[in-house]
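One structure below.
What follows draws every value from the coordinates through simple rules; no lab data is involved. What you see is a predicted model, and the numbers here were worked out from it, not measured in a lab. Methodologically, a virtual Cβ is constructed for each residue, glycine included, from the backbone with ideal geometry; neighbour enumeration extends over all protein chains shown.
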Amino acid sequence: MDQKVIDFNKSQQTKQLPDLKVGDIVRVHRKITEGDKERVQIFKGLIISIKGRQSSSPTITVRRESQKIGVEMTFPIYMPTVVKIEILRRSKVRRSKIYYMRELSGKAAKMKAIDVTAEEKLAMEEMNKKPEKKEEK
């Protein structure tokens with residue numbers, strides 16, 4: 001890809017996010033507007049694909065099983081409705097798209113966990129920290 005396009009796409013990325021990988025179990029916090037009220041809803045699941053990593057609008061597909069029914073949601077990472085993304089656990093995978101997880105359930109869907117390093121934990125805590133409000137006089 002042309003370097004000018006890559007630089008432009010990086011300038012469009014508005015917030016700093018953790019290093020997401022396929023196989024991560026994440027918690028995606030997103031804003032939902034119901035009438036005149038606004039709340040944050042959490043979607044917890046496994047990242048099965050990441051598309052458009054170098055574009056200005058990459059997306060992740062997160063899958064979870066709810067009452068024995070598979071539910072998938074695709075989130076544009078830099079949308080203003082996505083408040084934050086927390087990595088809960090990493091798994092060892094050998095593919096870039098793990099669509100085969102759609103057919104697996106229960107114990108067959110179990111993946112080998114990888115420990116998150118101390119540096120990654122610190123980086124995630126820094127990103128999830130809310131800025132402190134300064135008092136004005």
Item checked: Efficiency of FRET between R27 and V5 - r from beta-carbon atoms, R0 30 angstrom, step 0.05 -> 0.40
Checklist line | Highest to lowest packing among 46-54, 67-75, scored as the average C-beta count within 10 Å | finding: 46-54, 67-75
Next item on the list: Could you list which residues have their amide H under 5 Å from that of T81, counting only those 5 or more apart in sequence or on another chain, with H placed in the peptide plane?
Entry: none
Notebook entry, point to check: If you count, for each residue, the other Cβ atoms within 10 Å and average over each peptide, how do 30-37, 93-100 line up from highest to lowest?
Noted result: 93-100, 30-37
Notebook entry, point to check: Stretch L104-T81 to full length: gain in nm at 0.36 nm per residue minus the Cα-Cα span?
Noted result: 5.2 nm
Checklist line | Under 11 Å, Cβ to Cβ, from T74 - net charge with Lys/Arg +1 and Asp/Glu -1 | finding: +1
Next item on the list: Extending each Cα 7 Å along its Cβ direction at K15 and Q67, get the distance between those two points in nm, one decimal.
Entry: 3.0 nm
Check: Taking R0 as 41 Å, what's the FRET efficiency between R94 and K37 from their Cβ-Cβ distance, rounded to 0.05?
Finding: 0.40
Check: What are the extents of the Cα atoms of region 3-123 along their three principal axes, listed from largest to smallest and rounded to whole Å?
Finding: 43, 42, 28
